[in-house]
Amino acid sequence: MKKIQFFIALWAGKLFLWWYKKTGHTQNDRPGMVSMRLCFDFLKYVAKPELTIAVSGTNGKTTISCVTANLLREQGKTVSYNDWGANHHAGHARCMLDAVDIFNRPTKDAVIIEMDELISPIGIPKLKPDYLIISNLARDSMERNAHPEYIAAQLKKAAEGSPDTVLILNADDPLSCFIGEHNRRIYFGVFDQQTHSLPPLANDFRVCPRCGAKPVYRYRNYRHIGPFSCPGCGLQSPKPDYFVAGMDAQQIRVNEPTGVFDYPILSPAVHNLYNLAAIISLFRDMGLAPDTIAQELAKVSLPVSRESHQVVGGIELITQVAKGQNPTATSTVFENVAKDRSEKEIVLMLDDIFKDPNKTETVAWIYDTDYEYLNDPTIHRIVIGGERYLDHRLRLLLAGVPAEKLVYMRDVYETADHVDLHGISKIYILHDVNSITRGKKVRDAIAQRIASERSTETK
């Protein structure tokens, strides 16, 4: 009976997938939703390809998944991956529908599953991936997630349900590095980034989980991320198998079990150093040689939805995702901007939920976020746009940012007209994951202003 139910779900899902692709709706999870509704155990019974990789964690899932998929393609492998971040059951089923034929035979070499942490106790035991990468854990949206310790417990259940899965873990994250005690574990870490001396507003690792003593850090790269030890019971961070020991503008140097190797850098931002370390750990464990990985990394880049760079008229325009309602992700981006000592302007557009009479957005997260990083003399002005523009203005004032540095308006598209193009070398456009298109339009509008101004100056 289960087998019949599964094949009905498979054929129905494949039919819907064919139709959605034919009509141009490729980035849609509904075919997977159909299969899941017809057979809740669809992910258990669907055939898996030779390589199945799951990626979870609070921040970095999409970046790690996308770069991993592109590296596999550079090796000539066929890959099924939902690159729009479909990280729930319907998205996973949609991804697997694309990886098998109507007889449930694998048609792809690999599948990349981006998985929300909350559903991992259901998804991981059914998929039983070869690898599970957990990037990090931190406080996230109060609407979508609970306390990070609860999320860690969910991922622990997920690992227990798939003991043969190899875990790739952040050695510098005390919330996730101890997950999977019965799994084979591979650890990655990053050297001291000399973070801002400003103490973070939120600390998700205040006491040792074993004895309750206050942990001591050798260094912290952001918030609670860094190698620690407990003076009470001796609990400490595991030693990284793959440790980013140094970097310059072009490459990072990684200490590995078999030697020290250099790899191209994708982004100098600390969160992306950790993402890259996770990716290198994965491919090295899969048996790829360092020079092969380095050659392939040189051909790929970060997802443009997460970060992009463009130089127009001598000014660099940088778009970066700063995930609204996610205080750790946003604080990390703010700190990264502050560490850049270039003279710059910032466009801030961080509305996670837009104007809608049927929805409301909590703004409590902004008081867990370190806006204080933006109180920096190299930041000339901050142009704020979006439905919650007054909330962000208030928070910036409380962070000590002078009122004369703040320009604010409801319409995000008006922000492009208020950026001062004089005396700066960079403009950061910080947008939410739901504002990717808006961020690009604002960037393009600023680029047109710069080009027009430079053209006028040369006449």
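Each row is one residue, and each column tells you yes or no for (1) acidic (Asp, Glu); (2) at pLDDT below 95.
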position	(1), (2)
Ser267	no, yes
Leu273	no, no
Asp285	yes, no
Pro290	no, no
Ala294	no, no
Lys299	no, yes
Ser308	no, yes
Asn326	no, yes
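Taking the range 33-43 as the range and being open to solvent by less than 20 Å² (accessible area, probe 1.4 Å) and touching a His at 6+ places or on another chain (Cβ under 7 Å) as the test, only Leu43 passes.
Every condition in (1) in contact with a strand residue (DSSP E or B) (Cβ under 9 Å, 6 or more places away or on another chain); (2) more than 17 Å from Tyr373 (Cα to Cα) is met by Asn434 except one, and the failing one is (1). Figure legend. Inter-residue proximity from the range 283-295: first residues on the phi < 0 side of the Ramachandran plot, second residues open to solvent by 30 Å² or more (accessible area, probe 1.4 Å), beta-carbon distance below 6 Å, spacing 6+ or different chains. Indicated pairs: Pro290/Phe261.
Filtered by the rule that a residue be of a type in the set (D, E, K, R) and either crowded, with 21+ Cβ neighbours inside 10 Å or part of a helix (DSSP H, G or I) (or both), the range 271-305 gives Arg284, Asp285, Asp291, Glu296. Across the range 46-68, a minimum of one residue is classified as more than 21 Å from Asp116 (Cβ to Cβ), crowded, with 17+ Cβ neighbours inside 10 Å, touching a residue at least 40 places away in the same chain (Cβ under 8 Å) and of a type outside the set (A, V, I, L, M, F, W, C). Only residues that are closer than 20 Å to Val207 by Cα, open to solvent by less than 10 Å² (accessible area, probe 1.4 Å) and modelled with pLDDT under 95 were counted in the range 138-178, giving 3.
For the range 1-26, the set of residues classified as outside any helix (DSSP H, G or I) and either under 15 Å from Asp98 (Cβ atoms) or in contact (Cβ under 8 Å) with a residue 60 or more places away in the chain (or both) consists of His25, Thr26, listed by residue number.
Of the residues making up the range 9-27, those that are farther than 18 Å from Tyr45 by Cα and open to solvent by less than 100 Å² (accessible area, probe 1.4 Å) are Phe16, Leu17, Tyr20, Lys21, Thr23, Gly24, His25, Thr26. In the range 306-338, the residue that is surrounded by the most Cβ atoms within 10 Å (Cβ to Cβ) out of those that are small (Gly, Ala, Ser) and in a loop (DSSP other than H, G, I, E, B) is Gly324. Of the strands (runs of 3 or more DSSP E) lying entirely inside the range 217-264, the ones with 2 or more residues being of a type outside the set (Asp, Glu), in contact (Cβ under 8 Å) with a residue 40 or more places away in the chain and surrounded by 13 or more Cβ atoms within 10 Å (Cβ to Cβ) are found at 242-247.
The values are calculated or read from the model by the stated rules, or taken from the named source; none is laboratory data. All values derive from a computational prediction rather than experimental measurement. Positions of Cβ are backbone-derived with ideal geometry, glycine not excepted, and every protein chain shown enters the neighbour counts. Remember, those area values only see protein heavy atoms, side chains included, never the ligands or the DNA or RNA. Shrake-Rupley method; radii C 1.70, N 1.55, O 1.52, S 1.80 Å.
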